[in-house]
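These notes concern the structure reproduced below.
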Amino acid sequence: MNNELICNNLTRNSSGELCFAGRELSPLALKYGTPLYLYDEDRIRERCRTYLKAVKTAFDGRGRVLYASKAASFRRLYEIMKEEGMGIDVVSCGEIYTAHLAGFPMEKAYFHSNNKTDEDIAYAMKYGVGYFVVDNAKELYAIERVAAEKEMRQRILLRITPGIDPHTYAAVATGKVDSKFGSAIETGQAEEITKLALGLSHIELCGFHCHVGSQVFDSDVYLRATDVMLTFVADIYRVTGFMAAELDIGGGYGVRYIASQPEIDIAANIAEVAEFMKKKAVELQIELPEVAFEPGRSIVADAGLTLYTVGTVKRIPGYKSYVSVDGGMTDNPRFALYGSPYTIVPVKETVPEDAEKVSVVGRCCESGDILQENVPMLKDIGRGDLLACLTTGAYHYSMASNYNRIPRPAVVMLAGGEDRLAIRRELPEDLVALEV
Ligand code: LLP
């Protein structure tokens, strides 16, 4: 198996140079500088369409797909989501404002977060966010109060913790009972908050939400989660007479960072979930609520690539070799945070199989500033060569920082043979712009 061309938007041209979205990378590095985030816009659109079609087909024309915009949030992306007919999940005033600026229809936005402040709540209502996904009882009262002041009725879903372990890394497992998110079925808090919501006059309860985790490969996780959630929907119906119109089952489908990880067949997975849910609804004698999926990573991850320029190459005889690049944990904190694997390759040519293995590191003053260990590398790699880190479209720009006062890279969109700047490179001047 080819270990480097892990998505079909990657190729090598006749002189061996890596191409992304049909484009040679060195001219783009020359034009925009490095480090540089590139996005393959056509791939993003393809992923949206795959989800939308799969959901419509599997759920007989019903169902919704919401892009979890925490994965990557900037104006151009919300414009694409609008054009593709997606809904969105937002988690902060910053995401709400950016989506609003992009002209996104905010009635298709779902506002998450386990701790919405009164200011957040008022802000989201001011911008006409369609749904609040309510985490807990105190937050529910806060939303009721602000909605009453505004003399409106706010649509909500309740975030429920189904008690499912998604078998992924701990930082992204969110569906377990002891999670900081949501109200748990097991403790009775889920039923309690449902009854509270039904009694409030400025709240319109539309249904329930759950999200079990992220970077999930095991399809059984979704079957177990929907099993628990549909049973909850039926129990609530019996106890209160309230029948959920919507059931949002969150995001989480995993993506391929390295060749040994599988590529999930989204359509097949959604079809499996739909079949299971339909059967379960019959068994429980309830009507199946409209189902929503909330993918983030699997919409944008492999539509992204980061370009770096190599600087220092250091070989410590008998120990290890370091290849330093002009970015690092500031534009990609995911190895430092989660030990996430990545495929990092030289742009100029493929690395032979028996190549030396190096640590690819960043330029921050911190030993933990590592992008990846054990990366097969060309013998003659040196200052000025380009490296590409693949699958960086999700949780990179959105998690980037200015540690060491390093400016954030530019973001360039590639579409139909054209390249277009979406976000310009930060300048040192930008970094002091807020100082008074
Ligand atoms: N819905 C909710 C409520 C979520 O909390 C998340 C992700 C998603 C949907 C989208 O999940 P996805 O399809 O992207 O897996 N920073 C971590 C990921 C954190 C995920 C947080 N929630 C990382 O870089 O791996």
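The values are calculated or read from the model by the stated rules, or taken from the named source; none is laboratory data. Bear in mind that the values here come from a model prediction, so they are computed numbers and not experimental data. Positions of Cβ are generated from backbone atoms using ideal geometry, with glycine treated the same way; all protein chains shown enter the neighbour counts.
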In the range 65-108, what residues are within 13 Å of the ligand (Cβ to nearest atom) and either assigned by TED's automatic domain parsing to the domain that holds ALA422 or of a type in the set (D, E, K, R) (or both)? LYS70, ASP89, GLU95
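Restricted to the range 60-69, and to residues that are touching a residue at least 60 places away in the same chain (Cβ under 8 Å) and out of contact with any helix residue (DSSP H, G or I) (no Cβ under 6 Å at 6 or more places or on another chain), which residue is surrounded by the most Cβ atoms within 10 Å (Cβ to Cβ)?
ALA68
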Among the residues in the range 268-287, are any under 22 Å from SER73 (Cβ atoms), crowded, with 16+ Cβ neighbours inside 10 Å and modelled with pLDDT of 95 or more? no
Across the range 284-304, the tally of residues that are within 16 Å of the ligand (Cβ to nearest atom) and either over 30 Å from ASP380 (Cβ atoms) or part of a strand (DSSP E or B) (or both) stands at 13
Log entry, pairs with first residue in the range 423-436 being touching a residue at least 40 places away in the same chain (Cβ under 8 Å), second being not in a loop (DSSP other than H, G, I, E, B), beta carbons closer than 7 Å, six or more apart or on different chains, reads ILE423/ALA410; ILE423/VAL411; ARG425/ALA410
Please go through the range 12-58 and pick out each residue that is buried (at least 21 other Cβ atoms within 10 Å of the Cβ) and farther than 22 Å from HIS396 by Cβ. ALA54, VAL55, ALA58
Per the list (1) within 16 Å of the ligand (Cβ to nearest atom); (2) in contact with a strand residue (DSSP E or B) (Cβ under 8 Å, 6 or more places away or on another chain); (3) assigned to a loop (DSSP other than H, G, I, E, B), residue check on ASN115 breaks on (2)
For VAL436, only one of the following conditions fails: (1) in the same structural domain as SER324 (by TED's automatic domain parsing); (2) away from the ligand (no atom under 16 Å from the Cβ); (3) of a type outside the set (Lys, Arg). What is its number? (1)
In the range 331-358, the residues that are surrounded by 17 or more Cβ atoms within 10 Å (Cβ to Cβ) and touching a Gly at 6+ places or on another chain (Cβ under 7 Å): ALA336, LYS348, THR350
Residues that are within 13 Å of the ligand (Cβ to nearest atom), modelled with pLDDT under 85 and β-branched (Val, Ile, Thr), drawn from the range 141-199: THR168, VAL172, THR174
In the range 238-282, how many residues are within 16 Å of the ligand (Cβ to nearest atom) and either in a loop (DSSP other than H, G, I, E, B) or in contact with a Pro (Cβ under 7 Å, 6 or more places away or on another chain) (or both)? 17
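Every residue, every condition in (1) farther than 15 Å from MET277 by Cα; (2) buried (at least 17 other Cβ atoms within 10 Å of the Cβ), yes or no:
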position: VAL216; (1), (2): yes, yes
position: VAL221; (1), (2): no, yes
position: THR226; (1), (2): no, yes
position: THR231; (1), (2): no, no
position: VAL239; (1), (2): yes, no
position: ALA245; (1), (2): no, no
position: ASP248; (1), (2): no, yes
Being over 15 Å from GLY304 (Cβ atoms), more than 16 Å from the ligand (Cβ to nearest atom) and part of a helix (DSSP H, G or I) is the requirement here; does ARG49 meet it? yes
